[in-house]
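Enquirer: The structure's right below; bear with me while I get my questions together.
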Amino acid sequence: MTRITTRPYSRESFSQLCRTGIHPVLARIFAARGITQTEELSTGLSGMISPGQLAHIGDAAGFLADAIAAGRKITVIADYDCDGATACAVALRGLRLLGANVDYMVPNRFDNGYGLTPEIVRQAKEHHQTDIILTVDNGIASIKGIEEALASGMQVLVTDHHLPGDELPQNCIVVNPNQPDCSFPSKNLAGVGVMFYVLLALRAEMRRRRIFDEKTQPHLDQLLDLVALGTFADVVKLDANNRILVAQGLRRIRAGNMQPGMAALFQVSGRDFRKASPFDLGFTLGPRLNAAGRLSDMSLGIECLITDDRGKALEMADELNRINVERREIEADMRIEAREQISKIHPEDRATISILSEDWHQGIIGILASRIKEKYFRPAMAFARDKDGKIRGSGRSIPEFHLRDALDLVAKRHPGLIVQFGGHAMAAGLTLQPDGFDVFTQAFENVAKEWLTQTQLERIIETDGSLDDDCFTLDFIGLLDTQVWGHGFPVPVFCDEFTVINQRVLKEKHLRLQLERNGRNYTAIQFGNNATLPRRARLAYRLDANEFNGRTSVQLIVEHSERV
């Protein structure tokens, strides 16, 4: 069941924002998202939280400055998703600007598994002659890998943002806003954001050592396009600090100030960088990078982001685009099989959905879990068997269910069932013993039934209420577009009743609508729905500036519809 609700907001905050000259509808929207004063909406770099507030970042900066001075070899160990790839590119580009001898490795999802494993450590030692391992977007849970590195005579610097487990890394420096002793005000930095902060601290340390001054220091803001991409694509909460990072990156992209690989990704995806939006980052560029880690080797994505050769960047972007097309085709087949499985388990009677296929592609089960979660509004786990017989799973969750904590409880209740796991509240991955699927499915379901009420299993479409007639304009859409909307700072959605004048199905899966309200006509589209609407309908919708045949007009994007 899906319900439409209206977000509550503070009248006091609303009045205060109106007094500063903010449009009344925008003031209502901002107040509903916890904004109390206009300063919280600033996207200037001066508003960023100081790097010094990250625990151990001073130690990390001094350690890296010493390593650069001594010419020691640093190897970056990346994750194989978009956040990991951009974090790696930021580390490589930034450290090289600062004079480091640095290389990278990225684990192969199928051969190496996730994070800094002992095998990756051995490869770093044997093939890269590594003195220092620097993890980006991983490492907080790599206890055995760090022990292997230290035993091999290497030193380790962990930069990560994932939640720590019961055991923390020892005898190394860890920069992670989510580690227990860190008082950094934002716990929502992506892995790329953490690495960017480490570079800022390192540059400040090198200024202190008089290696540069403010005039001669490298400009790290040239990396903000990568920071924006990784931050938005990782679906971290867009608090004030992350909104600054994304807004600044988008500003540079729109001005054409970006890495050649970023420009190439815009080109192959047919998007205009001059009009770059958060949508482009999360749903156009991000999937093309992620496809490399899912089906092939994320080294291709990283190389695309670090090359300065525009021709090579375009060649690699073309290949990433081809891999993404292949990913979509494989995913479509997996979704058909998933629907068949789910139809047999009556998802409406369950609190979770867990499915397994021997033939599914391990690199795509995370996307499949996300699709299932969206369709059924249940915590969802999709599993495939690896070459060693173990069962690898990826999960996505709903707002009231902390997925990593749920897996932790399952692991405690059934020792030995879960080989390893990790992740966030909303997304996590795990490996089960070869015969563990049925036990896990029931244990996971039991936790969800204990933690979730039936009301929490209802999809809620939160809206910002009714929209005034005079706001259905391109000018008002322009006002909305001055902010970065996304996870934790949701894009405005409005709710009103309309008369349906005309409707037709496009490509057998989308609904094109002509609507009327208060004597005015509107064009609308509902993606992924081919069920026609009654003559009177209540719609939850977004505003969109639709370009067609050189003309831009207001269009409504319908998120949900119901009979009046």
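Quick grid of which residues meet (1) of a type in the set (A, V, I, L, M); (2) not in a loop (DSSP other than H, G, I, E, B):
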residue	(1), (2)
G165	no, no
N171	no, no
V174	yes, yes
C182	no, no
L189	yes, no
L199	yes, yes
I211	yes, no
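Enquirer: Out of (1) more than 15 Å from I49 (Cα to Cα); (2) more than 14 Å from the chain's Cα centre (by Cα), what's the single condition that is false for P185?
Expert: Here P185 clears every test but (1).
Enquirer: Next question, about the same structure. Is one or more of the residues making up segment 507-522 under 18 Å from V554 (Cα atoms), surrounded by fewer than 14 Cβ atoms within 10 Å (Cβ to Cβ) and under 29 Å from the mean Cα position of the chain (by Cα)?
Expert: Within segment 507-522, not a single residue is under 18 Å from V554 (Cα atoms), surrounded by fewer than 14 Cβ atoms within 10 Å (Cβ to Cβ) and under 29 Å from the mean Cα position of the chain (by Cα).
Enquirer: Another question, if that's okay. Could you please find all residues in segment 383-416 being modelled with pLDDT of 95 or more, under 19 Å from the mean Cα position of the chain (by Cα) and closer than 16 Å to L432 by Cβ?
Expert: Answer for segment 383-416, where residues must be modelled with pLDDT of 95 or more, under 19 Å from the mean Cα position of the chain (by Cα) and closer than 16 Å to L432 by Cβ: G393, S394, G395, L403.
Enquirer: Which residue is surrounded by the most Cβ atoms within 10 Å (Cβ to Cβ), if the candidates are limited to segment 107-135 and must be within 22 Å of D66 (Cβ to Cβ) and touching an Asp or Glu at 6+ places or on another chain (Cβ under 7 Å)?
Expert: Taking the candidates together, the pick is T135.
Enquirer: Out of the residues in segment 487-504 that are surrounded by fewer than 16 Cβ atoms within 10 Å (Cβ to Cβ) and at pLDDT 95 or above, state the one that is farthest from A531 (Cα to Cα).
Expert: Selected residue: E497.
Enquirer: L245 is checked against (1) touching a Pro at 6+ places or on another chain (Cβ under 8 Å); (2) assigned to a helix (DSSP H, G or I) and fails just one. What number does that condition carry?
Expert: Going through (1) touching a Pro at 6+ places or on another chain (Cβ under 8 Å); (2) assigned to a helix (DSSP H, G or I) one by one, L245 breaks only (1).
Enquirer: Shifting gears a bit: Of A27, A32, which residue is of a type in the set (A, V, I, L, M), under 30 Å from T453 (Cα atoms) and either crowded, with 16+ Cβ neighbours inside 10 Å or touching a strand residue (DSSP E or B) at 6+ places or on another chain (Cβ under 6 Å) (or both)?
Expert: A32
Enquirer: A further question on this structure: Within segment 45-58, is even one residue in a helix (DSSP H, G or I) and farther than 14 Å from L200 by Cα?
Expert: Yes, there is a match, as at least one residue in segment 45-58 is in a helix (DSSP H, G or I) and farther than 14 Å from L200 by Cα.
To keep it simple, each residue is scored yes or no on (1) buried (at least 18 other Cβ atoms within 10 Å of the Cβ); (2) in contact with a Lys or Arg (Cβ under 6 Å, 6 or more places away or on another chain); (3) of a type in the set (A, V, I, L, M, F, W, C); (4) closer than 22 Å to M426 by Cα.
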site	(1), (2), (3), (4)
F232	yes, no, yes, yes
A240	yes, no, yes, yes
P260	yes, yes, no, no
L281	yes, no, yes, yes
P287	yes, no, no, yes
N290	yes, no, no, yes
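Enquirer: Is it true that some residue in segment 53-65 is closer than 26 Å to Q217 by Cβ and acidic (D, E)?
Expert: Looking through segment 53-65, at least one residue is closer than 26 Å to Q217 by Cβ and acidic (D, E).
Enquirer: Do we have any residue at all in segment 68-79 that's closer than 23 Å to V136 by Cα, acidic (D, E), at pLDDT 95 or above and assigned by TED's automatic domain parsing to the domain that holds R252?
Expert: For segment 68-79, residues closer than 23 Å to V136 by Cα, acidic (D, E), at pLDDT 95 or above and assigned by TED's automatic domain parsing to the domain that holds R252: absent.
Enquirer: Next question, about the same structure. If only one of G393, G389 is among the small types (G, A, S) and loosely packed, with under 15 Cβ neighbours inside 10 Å, which one is it?
Expert: Criteria check complete, one pass: G389.
Enquirer: Just to be sure, is S394 in contact with a strand residue (DSSP E or B) (Cβ under 9 Å, 6 or more places away or on another chain), of a type in the set (S, T, Y), outside any strand (DSSP E or B) and closer than 27 Å to K237 by Cα?
Expert: Criteria not met by S394.
Enquirer: Among the helices (runs of 4 or more DSSP H) confined wholly to segment 288-390, which include 3 or more residues that are within 18 Å of Q267 (Cα to Cα)?
Expert: 299-306, 310-343
Enquirer: Which of the residues that make up segment 146-162 are crowded, with 20+ Cβ neighbours inside 10 Å and either within 30 Å of the chain's Cα centre (by Cα) or modelled with pLDDT under 95 (or both)?
Expert: Selection gives I146, A149, V156, L157, V158, T159, D160, H161, H162.
Enquirer: Still on this structure: Taking segment 547-564 as the search range and keeping residues that are of a type in the set (D, E, K, R) and in contact with a strand residue (DSSP E or B) (Cβ under 7 Å, 6 or more places away or on another chain), which one is modelled with the highest pLDDT?
Expert: Result: E559.
The values are calculated or read from the model by the stated rules, or taken from the named source; none is laboratory data. As the structure is a computational prediction, the values presented were derived from the model and not from experiment. Reconstructed Cβ throughout: ideal geometry from the backbone, glycine too, with neighbour counts over all protein chains shown.
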